[in-house]
1. Is it the case, given these coordinates, that A112 is over 18 Å from G166 (Cβ atoms), at pLDDT 95 or above, touching a strand residue (DSSP E or B) at 6+ places or on another chain (Cβ under 6 Å) and not in a strand (DSSP E or B)?
2. Hey, among the residues in the stretch 121-176 that are without any contact (Cβ under 8 Å) to a residue 24 or more places away in the chain and open to solvent by 50 Å² or more (accessible area, probe 1.4 Å), which one's farthest from V26 (Cα to Cα)?
3. For V70, state whether it is farther than 24 Å from V34 by Cα and open to solvent by less than 20 Å² (accessible area, probe 1.4 Å).
4. Looking only at the stretch 160-178, count every residue that is over 20 Å from N59 (Cβ atoms) and aromatic (F, W, Y) and tell me the total.
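The values are calculated or read from the model by the stated rules, or taken from the named source; none is laboratory data. Note that the structure is a prediction, hence the values are computed from the model and not measured. Here Cβ is always computed from backbone atoms with ideal geometry, including for glycine, and neighbour counts include all displayed protein chains. Surface areas here come from the heavy atoms of the whole protein model, side chains and all, with no ligands, DNA or RNA. Shrake-Rupley method; radii C 1.70, N 1.55, O 1.52, S 1.80 Å.
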Amino acid sequence: STSAARPLMSARVNLLTYTEDFSNVVWIPVEVTVTSNATTAPTGASTAALAVPAAVSDNHRVRYGAATTVPGGSAVYSIYVKADGYSKVGLREDQATGALAAFDISTGSVIATAGAAVSDPSITSVGGGWFRISATYSGLDPQRFAICVLPPDYTSGAAPSWTGDGVSGVYIWGAQLE
């Protein structure tokens, strides 16, 4: 074999860090309270966090603090989610466009997409009330991502400002950006 014939391998596929620890400083809560180790994750470990929107009007989200350079400007963002009072969530590009893929985890369905930079939204049940949601974001480099808790009456458009009840939330775990 030659060096040209050998595959180039990387030890890390996920471009995000602390993907099971949303209390780490790389994750910035925006008008949400994040409680670590609040329930059992899809793996069976007690490492899933609870994101509870504050009782103020805002766009409630947990944002990855650093802009991530994405080779080629295209990436798939995914996370595992489970309802705990609120069931509508969005994956948002939080750097430049606000492009959003929205999901209803009570029905296991894609609600809508907003923005030209987002495509191919997907939701898959993984059991125990957990869903893996994902979407592709393209044409942006660098990108910054967030998981948004959306209001119960959300149907389409950008992630809106709304007032949470300060008690209900969404469990989150295992963010990934590839």
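1. No, not satisfied.
2. The residue in question is D153.
3. On the way: farther than 24 Å from V34 by Cα: yes; open to solvent by less than 20 Å² (accessible area, probe 1.4 Å): yes.
Answer is yes for this residue.
4. Residues in the stretch 160-178 being over 20 Å from N59 (Cβ atoms) and aromatic (F, W, Y): 1 in total.
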